[in-house]
1. Determine the distance separating the Cα centre of segment A:54-110 from the Cα centre of segment B:35-96; give it in Å without decimals.
2. With everything on Cα atoms, drop me the angle between helix B:85-103 and the longest principal axis of chain B, reported from 0 to 90° to the nearest 10.
3. Other chains near B:91-102: what is the mean number of their Cβ atoms within 10 Å of each residue's Cβ?
4. Return the distance in nm (one decimal) between the two label points of a simple spin-label model at residue B:34 and residue A:34, each offset 7 Å from Cα along Cα→Cβ.
5. Place the label 7 angstrom along Cα→C-beta at residue B:59 and in each other copy, then list the distances from the first to the rest in nm, shortest first.
6. Shielding of B:51-60 by partners, i.e. mean partner chain Cβ atoms within 10 Å per residue?
7. Let me have the 222 nm mean residue ellipticity of chain A computed from DSSP H runs of 4+ only, each contributing -39500 (n - 2.57), with the sum over all residues rounded to the nearest 500.
8. I need the Kirkwood Rh of the protein assembly as shown: take the reciprocal of the average 1/r across all distinct C-alpha pairs and report it in angstrom.
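Throughout, read-outs are computed from the coordinates displayed, never taken from laboratory work. The model shown is predicted, which means the values in this text are computed figures rather than measured ones. Glycine also receives a Cβ, built like all others from the backbone with ideal geometry; neighbour counts cover every protein chain displayed.
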DNA sequence: ACTTTATATCGTAATATTGCAATATTAAAA
DNA sequence: TTTTAATATTGCAATATTACGATATAAAGT
């Protein structure tokens, strides 16, 4: 028990869940917000920007990267992180589908 | 430690994170998928549809409801669950914003 | 070579999540 | 009113997540 039964669900469902899970923490939302706001992605200015210790930020960045939401480029001894379009597009398409289903509701009970 | 420092982030960031977190499990994605697919929301047919025990489904439904992603209507001794537009719209708007930031990238490093 | 700067990894404590059996609740049906 | 059907709650074991200090790594500056 305690383990998510991911093998009982479709690949698509697991993909969406993984992306959503990565976004499912305020610190990671804050990182995404910061990356869209800032002109050059001055890497870990993020550490100075957020009220979390450097190892914690590093961990969150790793999770965002694993989920495909951001990508990093090595620049000298620093790393430049940017938002990656792939995962964003995938989950955006999912919500468009959901929103479409709401626009033409088949359910009449609620 | 181990507690999410939600008080260090904005209300908006916490809202987005909470919605995303609710979607961040394949069983809950499967429930949302099922609710958009089915004509009438025959409530917990979900229990028959998914490979999880009834208390587990009930728990997942509660989380989706708390996040505002679904709403339930009592119909006799059954409950009719449907997707709720509010949270979907909120998170969809968030992804549109992110996608827009990608379309006009300010970052040149990645 | 030594120091600084930027980032990652390890280890670990605190807490949260997942899943289910057992049990409770509530309303229809017999 | 007893039974059945649909759902919720409780309690608990297994596992996952969050956060951070300490430490490692790696490139740049001195």
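1. Using only Cα atoms, the two centres lie 23 Å from each other.
2. 30
3. 6
4. Once both label points are built, they end up 4.0 nm from each other.
5. List, nearest first: 2.3 nm.
6. Whole-number average of other-chain Cβ neighbours for B:51-60 is 1.
7. -17500 deg cm²/dmol
8. By the Kirkwood definition, the hydrodynamic radius is 18.4 Å.
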